[in-house]
Amino acid sequence: MTANHHYERLKEKVGELPWYVGEFIDQKKRKMAVLTLLNYCHDYIIFFDWIIAEGLYTGKRQEIPLKTLEKLTPKQLESFLSYLEHQLGNTKQTVNRKISSLKSLFHYLQNIAETDELEPYIYRNVMAKIDFNDIKEDQETVANRIEGKILHGDEYEQFRQFIASDYGERHKDNKKIYHFHLKNRERDTAIVSLILGSGLRLSELSSLNLDDIDYKKHSLRVKRKGGKEQYVYFSEQAMIDLKEYLQIRENRYQLSPKERALFVSTAIGPKKASRRLSNRAIEKIIEKYAQAFGKPALSVHKLRHSFATRYHMENNDIPKLKKHLGHSSVQTTMLYTHMTNTEMKKAIDKMDSQN
């Protein structure tokens, strides 16, 4: 489905909800993916329909007033959550997602939205009193869930090559897609190659500047969580792809020599101004290629997992991996020991099939 189709669906769903939900969705459009907002709308439709079914408001869903939300009690909300789990069959994880979407809406109504008299839409936020379900999973369970969503073995180079050339070849008959890929393939290849060759977080990647690259040491100066700086090494292949991108970066994207952002967007607007790629723009780039590659669950974070899994397989050094990834706790890094157990089983099974 196209982005336009998703936006039309979103517009349709917003029209089925109270006016203040529409305001909330509009406020979130700039920062959130349209599919996420669609999920929010589905959650809100279930919630408002439950309000009517429980007799908490008599009338149409679109007409439910703010005062109805303000009068809800924690006991009533707990009843709604039980309804989700026991009558609709939602898992505890799904219920948590719906709690999150409602918390976002109520936070907006209490702390962001204002009347003409500069008063909040609601004074009392019942969702602030609702806790998430406590879901404890051991690391092996988490590892097994992630394992099917990352790259393995030859897929690292296959995915990189797919972005560098195969995606364009696949779309040769569509001139718009083909030429857009032709313009951005060096940049996009460098982005993916750098994540797969260093395990950077999304925020660390998007905030990189030209001055952060140490070409001699193959390292990058990155800002970790909490604002702490750290130098992170990256692979030889990532350096090759990065240099190819840098050769075309200034002319291709019509940049001023003063522009220091490493990864930039195509020049847009009357002034033809390029700009630093945002976190969301990078996510969309990965999503596009992942979908076409046949692994739609791939994301920036899954590419980071792919790097870490491969590093542990080849080096088996948890302390160094912990430091490289910027983890505050070694327990977080230990996740990859469980993931590589699965990788080892696959490798042994492959050996059996070759006999």
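The values are calculated or read from the model by the stated rules, or taken from the named source; none is laboratory data. Just so it is clear, the model here is predicted, and its values are computed rather than measured. Backbone-built Cβ (ideal geometry, glycine too); neighbour counts: all protein chains shown. Surface areas here come from the heavy atoms of the whole protein model, side chains and all, with no ligands, DNA or RNA. Shrake-Rupley method; radii C 1.70, N 1.55, O 1.52, S 1.80 Å.
Residues with beta-carbon under 12 Å from that of residue 52, excluding residue 52: net charge, scoring Lys, Arg +1 and Asp, Glu -1?
On the way: positive: 60, 61; negative: 49, 54, 63.
In short, -1.
Probe radius 1.4 Å, ligands and nucleic acids ignored: give me the carbon and sulfur share of the accessible area of region 20-108 as a rounded percent.
Working: 2170 of 4420 Å².
So the carbon and sulfur contribution to the accessible surface is 49 percent.
As an exercise, use a Förster radius of 25 Å and the Cβ-Cβ distance of residue 155 and residue 265 to find the FRET efficiency, rounded to the nearest 0.05. Write out the running numbers ahead of the final one.
Details: r = 28 Å, r/R0 = 1.11.
About 0.35, to the nearest 0.05.
Peptides 65-76, 176-187: what's the order by average Cβ count within 10 Å, highest mean first? If you can, show how the numbers build up before the last one.
On the way: 65-76: 14.4, 176-187: 16.2.
Taking the mean over residues of other Cβ atoms within 10 Å, the ranking is 176-187, 65-76.
Give me the net charge of residue 197's neighbourhood, meaning all other residues with Cβ under 9 Å from the Cβ of residue 197; Lys, Arg count +1, Asp, Glu -1. Numbers along the way, then the final one.
Numbers: positive: none; negative: 236, 241.
That works out to -2.
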> Alpha carbon centre of region 222-269 versus region 1-57: separation in Å?
Replying inline: 37 Å
>> So if each residue of separation counts as 0.36 nm, and I subtract the Cα-Cα distance between residue 30 and residue 279, what length gain in nm does that give?
In response: 88.4 nm
> What is the list of residues in region 15-46 whose amide nitrogen lies under 19 Å from a point 7 angstrom out from the Cα of residue 299, following Cα to Cβ?
Replying inline: 28-43
>> From zero outward in steps of 10 Å, how is the percent of C-alpha pairs of region 1-109 spread across the bins?
In response: 13, 47, 34, 6, 0
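First obtain the Kirkwood hydrodynamic radius of region 150-295 from its Cα pairs, then insert it into the Stokes-Einstein equation at 10 °C and 1.306 mPa s, and state the resulting D in µm² per second as a whole number.
Numbers: Rh = 15.9 Å.
Result for D is 100 µm²/s.
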> Fully extended, how many nm does the chain gain between residue 233 and residue 182 (0.36 nm per residue separation, minus their Cα-Cα distance)?
Replying inline: 15.5 nm
> Listed here are the pairs 31/98; 75/98; 13/60; 98/295; which of them are more than 22 Å apart at the Cα?
Replying inline: 98/295
>> Whole-Hz ³J(HN,Hα) for each residue in region 116-127, computed from phi via Karplus 6.51 cos²θ - 1.76 cosθ + 1.60 with θ = phi - 60°, x for glycine and proline: what do you get?
In response: 4, 8, 6, 9, x, 4, 9, 9, 10, 10, 5, 5
> Relative contact order, percent, of region 159-212 when contacts are C-alpha pairs under 8 Å separated by at least 6 residues?
Replying inline: 31 percent
>> So for region 191-260, if I pair up every lysine 8 or more residues apart or on another chain, how many of those pairs have alpha-carbons under 24 Å apart?
In response: 9
